[in-house]
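All of the numbers you see were taken from the coordinates with simple rules; none came from a lab. What you are looking at is a predicted structure, and each value in this text was computed from that prediction instead of being measured. Note that we place each Cβ from the backbone using ideal geometry, even for glycine, and neighbour counts take in every protein chain shown.
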């Protein structure tokens, strides 16, 4: 398969890498992560102006009509900068939810707002007991007159506090873990009966527990078909996996470069420690793991829109397994080769490793996806 970028993709790669190098320093990123919002609204507006928020939005809805490959290029560069803006939740998951499940009216209303940076989306699909099982849903949506009443709790809803709209998976029929009987609803952030318990995540991001207590929504809040939302959720989560895999590649590349630079400058016994063969071998292993991960991530991006669901799932799971294992290996090597400095909060290395650790457990860890890959044969 030819992974050569087109001219437009090369220009996108150059532009976003230039932006990250010039405007997304580690100190600025730390300040934004600790701000009240958790990210920079100014940068979010810039993302919209540059067209990045509309990469996966069709041209008729104000976007660029791009593909998962363009999103992967963007996410890889975002990984290098440890970008804290909620691109994953809004421009990847939110856009995919609307593409695969939204009505014509919902698409016309929300997709242009996403592309323009005017609307932020969060996706509540996980619950405390569900782990990685997408069909394990106990949050209930009960029909009530012309609308629905929602009760339950969704866990680890990324960037929920800053979102204007939250999409939640609920059970409208069947028993817990049944594939049938799951429905999606759009809930406005200020809806009565909706409460959030926000907290910081280990990687510098934000998440929240979402509490629904008789939250009432209208019939127009249904996203997709009642009782049959699981296929949509699976496709959306696969899109999220491809995005975080590409982000992880950017992080691993940054760790490799930072470690190589350190080995070239750190002196021991009168010469740079990078001249010691055993450390050179470790750098080579890190580089090989990173390049293999890049190939797997872009293969998954190419396969994301495959009409054959089995092929899509296998490619996505294979990439997640490789990313999980390579991320842990490269992160550990980077910390160790930096010596005691690798453990300090002031150095970016530890923060990169924390983000890799979070990516490993997001949307299913390596063990889960290895089993999913095996079951898809």
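A few points about this structure:
- Overall, the ratio between the Cα radius of gyration of the chain and 2.2 N^0.38 Å, rounded to two decimals, is 1.00.
- Pairwise FRET efficiency - residue 131 versus residue 105, Cβ, R0 = 35 Å, nearest 0.05: 0.50
- With both residues required to sit in segment 125-279, DSSP beta bridges show an antiparallel share near 95%.
- Segment 299-365 and segment 75-94 have Cα centres lying 14 Å from one another.
- The Cα atoms of segment 231-375 cover 60, 28, 21 Å along the three principal axes, with the biggest extent listed first.
- Sites residue 264 and residue 155 - FRET efficiency at Förster radius 45 Å, r taken between beta-carbons, to 0.05: 0.55
- Ellipsoid equivalent to segment 141-216 - semi-axes via the Cα gyration tensor, in Å: 24, 15, 9
- Gyration tensor (alpha-carbon) shape descriptor, segment 290-377, a/c threshold 1.5: prolate
- Gain in span if fully extended, residue 311 to residue 42, counting 0.36 nm per residue against the direct Cα distance: 92.9 nm
- Stretching the chain fully between residue 31 and residue 288 yields a gain of 89.2 nm (0.36 nm per residue, less the alpha carbon separation).
- Here the relative contact order of segment 7-119, from alpha carbon pairs under 8 Å that lie six or more residues apart, stands at 33 percent.
- Share of alpha-carbon pairs per 10 Å distance bin for segment 105-182, given as whole %: 18, 40, 33, 9
- Calculated diffusion of segment 1-113, Stokes-Einstein form, Kirkwood radius summed over Cα pairs, 25 °C and 0.890 mPa s, µm²/s: 165 µm²/s
- Extension gain for residue 211-residue 276 works out to 17.9 nm (0.36 nm per residue, less the C-alpha to C-alpha distance).
- Relative contact order (%) - the chain, alpha-carbon pairs under 8 angstrom, separation at least six: 15 percent
- In the chain, the longest principal axis of the Cα atoms and the axis of helix 7-23 are about 80 degrees apart.
- Highest GNM mean-square fluctuation among 175, 254, 289, for the chain modelled with Cα contacts below 10 Å: 175.
- Inverse of mean 1/r across different Cα pairs in segment 28-177, Kirkwood, Å: 16.6 Å
- Rounded to 10°, Cα long-axis angle of helix 230-265 versus longest principal axis of the chain: 20 degrees
- Helix 104-115 vs. the chain, principal-axis angle (Cα, 0 to 90°, nearest 10): 30 degrees
- For the chain, the 222 nm mean residue ellipticity estimated from helices alone, with every DSSP H stretch of n ≥ 4 adding -39500 (n - 2.57) and the total spread over all residues, rounds to -16000 deg cm²/dmol.
- The distance separating the Cα centre of segment 42-65 from that of segment 143-188 comes to 27 Å.
- With neighbour counts taken as other beta-carbon atoms within 10 Å, the residues 302, 244 rank, fewest first, as 302, 244.
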